[in-house]
Amino acid sequence: MYDRYTSPLSERYASREMQYIFSPDKKFRTWRKLWIALAESEMELGLQITQEQVDELKAHAEDINYDVAKAREKEVRHDVMSHVYAYGVQCPKAKGIIHLGATSCYVGDNTDLIIMTEALKLVRRKLINVIAELAKFADTYKAQPTLAFTHFQPAQPTTVGKRATLWIQEFLLDLEDLEHVISTMKLLGSKGTTGTQASFLELFDGDHEKIKKLEELIAEKMGFAACYPVSGQTYSRKVDTRVLNVLAGIAASAHKFSNDIRLLQHLKEVEEPFEKSQIGSSAMAYKRNPMRSERIASLADYVIADAMNPAIVSATQWFERTLDDSANKRISIPEGFLAVDGILDLCLNVVDGLVVYDKVINRRLMSELPFMATENIMMDAVKAGGDRQELHEKIRTLSMEAGRNVKQEGKENNLLELIAADPAFNMTLEDLQKAMDPAKYTGRAKEQVTEFLEETVKPILSANRDILGMTAEINV
């Protein structure tokens, strides 16, 4: 097992559930279901196919004789025909009607669409659970004042919970895109070699209505509302582009979340989970590296770049079909899903165990708050009879002096002491310190969190309560 390449996506990152969706077993079982749907629909529409033949196909839908298929593929070098042969060995009565009228893309492309749709639904479940966990976090810390940053420079205060709503909102935008793509996924159907359905027209003696009905029946049996109305031999590779773009959007949102956690961990304000025996560095035993958040960012980079693959493939398809999509699709689509699956598991793990250090948060905020409170201080001084223009200049000068003390002398911020010592303000240090309540400077942050969770997030979580409660374990 150590002498050949294995994918880190399956060895380290993706869940078993997502790995199975893209497994050979899932693919080949879906092929058989599609062959059953085709035969049964053709029978219902009057072709010379018996119920006995369909029942025989159904009896062997799950017990795939892989050894026979593998041996046959060595001879004929064609995976679809090898599995048609293997299925026929198990179903001698139905052997002659398996794959009747179809091309390889009937099973290949329809299976890809079925698998991607199932994978999108798993991504949706995990994304909603990430949103639910972040909502709990936002609600818990909705009133906890913290220093907000613009350009990573101290700005006005916000709350820890309000910052979390920014992460949630981006994931909600992804959820909207994801649900749109899921709702518009269709099957290829039974289109034939160039999309004209000529083989089926021959089978049904030129009955166009039966051919249209055939696709309706196949879609219904496979759990889809419809088939794409037109195609070449394959479904439009634009579909893959849409799917990977949604995954890339989720990756981008997760990346932004992970960046913020990494920066907050540097500031020692918020930390991702750190297990009892976890080692942060081989050299520096004291280190607590944000490795989960870094892994989110690393996988997200890959998914964002991976979205280029189906875009290029879609752009370069020739007429009704070329095969320069196949090798790329086999890699880029599954790996995009496996990576996003790993990302969402990591997000669940991180959010579930976030540690907030409120004393560190408060200390940093209080070190900057005097600068931010100067406008309020000036207004209070004006109310007490001071001159606004004179006071503005004095505060500017004193703020510069306090800034120099902090940056050049390494001292504490003494702006309040400097203002109290200036008679123009007519305010004591005690008066000034009363203005240093951080909650006075967070605006509507707390209320915004409450309203956002109640009006925007809660309806989504209530509608999906049956899929909530997922947890995630990470392998490394």
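None of the figures in this text is laboratory data; all of them are computed from the coordinates on show. Note that the coordinates shown come from a computational prediction; the quantities given were computed from them, not determined experimentally. Please note: Cβ atoms are built from the backbone with ideal geometry, for glycine as well, and neighbour counts cover all protein chains shown.
Brief remarks follow.
- Neighbour-count ranking [beta-carbon atoms within 10 angstrom, fewest first] of Thr111, Thr456, Thr471: Thr471, Thr456, Thr111
- Computed about its Cα centre, the charge dipole of the chain is approximately 680 debye, with only Lys, Arg, Asp and Glu carrying charge at their Cβ.
- Given the chain, longest segment not containing exposed loop chymotrypsin sites (Phe, Trp or Tyr not before Pro) (DSSP; at most 13 other Cβ within 10 Å): 320-476
- Cβ-based charge dipole, the range 8-97, positive-most Cα from Ala94, Ser23, Gln48: Ser23
- The long axis of helix 24-44 is offset from the longest Cα principal axis of the chain by roughly 50 degrees.
- Of the GluC sites (Glu not before Pro) in the range 52-152, those whose Cβ has at most 15 other Cβ within 10 Å and which sit in DSSP loop: Glu62
- Bridgeable lysines around Lys27 (alpha carbons under 16 Å apart, same-chain partners fewer than 8 residues away excluded): Lys70, Lys329.
- Reachable aspartates and glutamates, given that their alpha-carbon falls under 17 Å from the alpha-carbon of Lys394 and they are not under 8 places away in the same chain: Glu375, Asp380, Glu417, Asp422
- For the range 415-456, size of Cβ-based charge dipole, Lys and Arg +1, Asp and Glu -1, in debye: 60 debye
- Here is the list for the range 384-465: trypsin sites (Lys or Arg not before Pro) lying in DSSP coil, each with at most 15 other C-beta atoms within 10 angstrom of its C-beta, are Lys411, Arg444.
- Relative to the longest principal axis of the Cα atoms of the chain, the long axis of helix 79-90 makes an angle of roughly 60 degrees.
- Ordered from longest to shortest, the equivalent ellipsoid semi-axes for the chain are 63, 23, 18 Å, each the square root of 5 times a Cα gyration tensor eigenvalue.
- Amide proton proximity set for Ala155, modelled H, under 5 Å, gap of 5+: Ala148, Phe149, Thr150
- Dipole magnitude (debye, nearest 20) for the range 374-435, charges at Cβ of Lys, Arg, Asp, Glu: 160 debye
- Size of the range 48-100 from its Cα atoms: along the principal axes, largest to smallest, the extents are 33, 21, 13 Å.
- Dipole of the range 109-267 computed with +1 at Lys/Arg Cβ and -1 at Asp/Glu Cβ about the Cα centre; of Val123, Leu214, Ile182, farthest Cα towards the positive end is Val123.
- Within the range 193-273, trypsin sites (Lys or Arg not before Pro) in DSSP loop having at most 12 other beta-carbon neighbours inside 10 Å: none
- Alpha-carbon centroid distance for the pair the range 197-266 / the range 132-176, whole angstrom: 34 Å
- Note that the range 220-227 has calculated 3J(HN,Hα) couplings of 4, 5, 9, x, 10, 7, 6, 10 Hz, one per residue in order, obtained from phi through the Karplus relation 6.51 cos²θ - 1.76 cosθ + 1.60 (θ = phi - 60°); glycine and proline are x.
- Helix 388-407 axis, angle to the chain major axis (alpha carbon atoms, nearest 10°): 70 degrees
- Rounded to the nearest whole Hz, the Karplus-based 3J(HN,Hα) values (6.51 cos²θ - 1.76 cosθ + 1.60, θ = phi - 60°) of the range 196-209 follow the sequence 8, 6, 4, 5, 6, 4, 5, 4, 9, 6, x, 7, 5, 5, with x at glycine and proline.
- 3J(HN,Hα) along the range 250-260, derived from phi through the Karplus expression 6.51 cos²θ - 1.76 cosθ + 1.60 where θ = phi - 60°, amounts to 4, 4, 5, 5, 5, 4, 4, 4, 5, 4, 4 Hz, with x in place of Gly and Pro.
- Between the listed residues Ala435, Val107, Asn289, the Cα displaced farthest toward the positive end of the dipole of the chain, a dipole computed from Cβ unit charges relative to the Cα centre, is found at Asn289.
- Note on the range 49-192: Rg/Rh from C-alpha atoms, Kirkwood Rh, equals 1.30.
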